[in-house]
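The values are calculated or read from the model by the stated rules, or taken from the named source; none is laboratory data. None of these values were measured; they are calculated from a predicted model. Quick reminder, even Gly has a Cβ in these numbers, built from the backbone with ideal geometry, and neighbours come from all protein chains shown. Please note that ligands, DNA and RNA were not included when accessible areas were found on the heavy atoms of the full protein model with its side chains. Shrake-Rupley method; radii C 1.70, N 1.55, O 1.52, S 1.80 Å.
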Amino acid sequence: GYSPATDVTKIMVEILGAGGGGSHYTSDGPKVNSGAGGGYVRKTYTVVSSDTMTVTIGALGAGGGSNSPGSAGGATTFVSASGTSISLLTAGGGGGGSTTNYTPGVSGTATGGDLNVIGAPGRTQNVGSAEGGNSPYGYGGSASATSVTIPINNGTGYGSGGGGASDSGTVGAGTAGLCIITEFK
């Protein structure tokens, strides 16, 4: 949970959903898809020190095993537990890459804020590269075709998607969500 410091009158909350993991497929490029980035939400509230809020940070989406899709990233949420009524903010997690032709991870949603930005979608190997979706606080992982190539397959920072992998490549995981609270006196 979170409570404002004694002399704080306003807070700005930024939340970011977790990134999805990439898929791994050994024989068919259109089935190699990356994970998407999580959604981003920002909102400013007037608060008092006795307020309490609940924060849930989204867990990263894992990369898929052999010929398997990646997992979706978890949602990050922020809402009041007691005191001033704080409406629910939700930054949805990015979708995992599928092993269905041309079906990369779907962008994470964003609701409840003054600013709501959906996540960057994943990509498909046979339409460019299966790099993971970027986020405001991280970059998507690289696509990988062979074990000899050593790119950064996992997303970096927070809220970014993992890269897809084909053949003997290494599939990437997404990155965890994030919550930043800035206090104002």
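Summarise the long-distance tail of P(r) for the stretch 48-113 by giving the % of C-alpha pairs beyond 13 Å. Let's see the in-between values first.
On the way: 1445 of 2145 pairs.
Cα-Cα pairs in the stretch 48-113 separated by more than 13 Å: 67 percent.
Below 8 Å, C-alpha to C-alpha, sequence gap of six or more: please give me the relative contact order for the stretch 117-171 in percent.
Relative contact order of the stretch 117-171: 32 percent.
Can you spot the aspartates and glutamates whose alpha carbon is less than 12 Å from Lys185's alpha carbon? Ignore those fewer than 8 places along the same chain.
Leaving aside aspartates and glutamates fewer than 8 places away in the same chain, those within reach of Lys185 are Asp7.
Quote the relative contact order of the chain in percent (integer), defining contacts as alpha-carbon pairs under 8 Å separated by 6+ residues.
Relative contact order, the chain: 31 percent.
Leaving out ligands, DNA and RNA, and with a 1.4 Å probe, what % of the accessible surface on the chain is carbon or sulfur?
Values: 4210 of 7580 Å².
Here carbon and sulfur together make up 56 percent of the probe-accessible area.
Need one number: convex hull volume per residue for the stretch 60-185, Cα atoms only, in Å³.
That works out to 105 Å³ per residue.
Just from the alpha-carbon atoms, what are the Rg and Dmax of the stretch 1-67 in angstroms?
My reading of the Cα-based Rg and Dmax gives 19.1, 60 Å.
Which peptide among 165-172, 177-184 comes first, and what is the full order, when sorted by highest mean count of other Cβ atoms within 10 Å?
Going from most to least packed, we get 165-172, 177-184.
Compute a Gaussian network model of the chain, connecting alpha carbons closer than 10 Å, and tell me which residue from Gly162, Gly133, Gly29 fluctuates the most.
Result for the chain, Cα springs under 10 Å: Gly29 fluctuates most.
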